[in-house]
1. Starting at 0 and stepping by 5 Å, how many percent of the alpha carbon pairs of the range 33-96 end up in each bin?
2. Among 106-118, 79-91, how do they line up by average Cβ neighbours within 10 Å per residue, starting with the highest?
3. Can you give the FRET efficiency to the nearest 0.05 for residue 185 and residue 291, using r as the Cβ-Cβ distance and R₀ = 41 Å?
4. Past 22 Å, Cα to Cα, is the threshold; run 69/374; 228/321; 272/374 against it and keep the listed order.
5. For the pair residue 457 and residue 168, how long in nm is the line joining their label points, each one 7 Å along Cα→Cβ?
6. Report the FRET efficiency, 1/(1 + (r/R0)^6), for residue 444 and residue 352, where r is their Cβ-Cβ distance and R0 is 45 Å, rounded to 0.05.
7. Rounded to the nearest 0.05, what FRET efficiency is calculated for residue 331 and residue 435 with R0 set to 22 Å and r the Cβ-Cβ distance?
8. Fully extended, how many nm does the chain gain between residue 235 and residue 482 (0.36 nm per residue separation, minus their Cα-Cα distance)?
Amino acid sequence: MNEEKYLKKKIGFWSLTALSLGGIIGSSWLFGAWQTAKLAGPAAITSWVIGGFVITLIALVYAELGSVKPESGGLGRYPLYSHGKMLATVTSFSIWLGYCATAPVESAGVIQYANQFWPGLYDAAKEQLTTTGIVASTVLMIFFVVVNYFGVKLFAVTNTIITAIKFVVPVLTIIAFFMTGFHSENYTSHGFAPNGFSAGLSAILTSGIFFAYTGFGNVVMMSGEVVKPKRNIPLALITSLVASTILYTLLQIVFIGAVPAEMLSNGWSGIKFDSPFANLALMANMVWLSWIITADAMISPTGSALTYTAGTSRHVFGMAKSGFIPSYFATVNKRFGVPTRALTLNFVIGLLFLFPLKSWSAIVAIVGAIGIFKYASACVTVMVFRRVGLSQNKGIPRMQIIAPLAFVFATLLIYWTNWSRVHLAIWGLVIGVAWYLVVHMINKNSSIEIIGGIYLVIYILMLVLISSIGNFGGRGLIPEPFMSLIVAALGGCFYYFAVYNGVWYMRKKGNIKELQDEITNAS
């Protein structure tokens, strides 16, 4: 815990907002509108709005947690305080793997677009990077580490500049397509929701929507280095998410209107592009815009990867403090104020994703399906903190409504995702629980650490049941919208059980006074 003092509080509101936007506006703006339209048609617009609304509720939860107890690596630390080691272990490793996957994904996206200038980096037939492309992507990942290595101040300045640049290009794209090449008949030619509204709901987790918005998590990861966290964290999160929701929704609107009518002969699922917006710009005779988008296709993913590289190193720092990995990685470089050992570890893990997968879409789907679980746990933790008196006067207004509502929507998003995707994520959680039980027995931890997180086990079993009998790849025993209403009701009831489970743990553990003292000393 003494290493925390070497982290430097140098991130203000604008840098923090840029940090969030930098994580949100990455490769998803280049591919997300296309992938979502293929699944949902014009109804994809509602997918971005719903996704933005849900993630904003979740971000408000983290805004309160970050204000109450600002802490680098907080995404994985908060479950430890409220429910113990089993929940924290499963949550931390799922966050870690998801974040480690992001840098190689964004790096691969940059190199794929670079293939236009340096042929031989990407094999279009196999839809994967070549050996040369993998080497180039690895070099780019090294660049991400180097920028972060030399201090939070250098990172904040670099990221702010990159974010400003890459925010301009999507806005320019929206304006250009509204003015030229917009086909309003595309909204009705095949129906607004050609595959039903259920397709739009499923797309939220699987087409890059949720993956895009979750870039806000880097703000929480670095909350221990924020100036005036009570003010700046909530303000930066709300500002960035509102701006990005508007941006992504407008991008989806112009994408649907820009697709030539002749390309829709086989429906929205039949549209094929290499570089969606750049291809559409060429079709509309906007060669200048195509070149700008292609250039930004290398800048935007780079900016996102920089923010995730920074955030993931803080998460590993928090995992090491919690005892989930060796304490060796809880060391902060005293000169630069950065957990440099964690940066190196994440680089190695990232390579393990890059070498075998080599695919943007495959990793996005996995990250989206499993990522929602960690956010659901935060919705419970924030109310546990309130119930035991930790929040004091640092709470967000109406959190007693926001937190359960966010948890219910998170549960619905899992249910709405096709069962073939959900069961992989759920099995990942089951393996995480099994791993903790092995460590639990080896370390001879107290049984309270299992009982404190028992709600997770029950929650997993509930999700398996409702997904297997539901209408999104399950048996479809109860028609919609009745099944979704049942899932929402179950999620609401289960939420209060999970809060009770956490309050019991904290009182039994006796860690409330210690946390209150830490919060008071940090104020």
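Each reported figure results from applying straightforward, stated rules to the coordinates on display, with no laboratory input. Keep in mind the model is a prediction, meaning the values are calculated, not measured. Cβ coordinates were reconstructed from backbone atoms using ideal geometry, including for glycine residues, and neighbour counts include every protein chain displayed.
1. With a bin width of 5 Å, the distribution comes to 4, 16, 16, 16, 14, 11, 11, 10, 3.
2. 79-91, 106-118
3. Working: r = 29 Å, r/R0 = 0.70.
Plugging the Cβ-Cβ distance into 1/(1 + (r/R0)^6) gives 0.90.
4. Those over the limit are 228/321; 272/374.
5. Computed distance between label sites residue 457 and residue 168 equals 5.6 nm.
6. 0.90
7. Values: r = 24 Å, r/R0 = 1.11.
According to the calculation, E is roughly 0.35.
8. 85.2 nm
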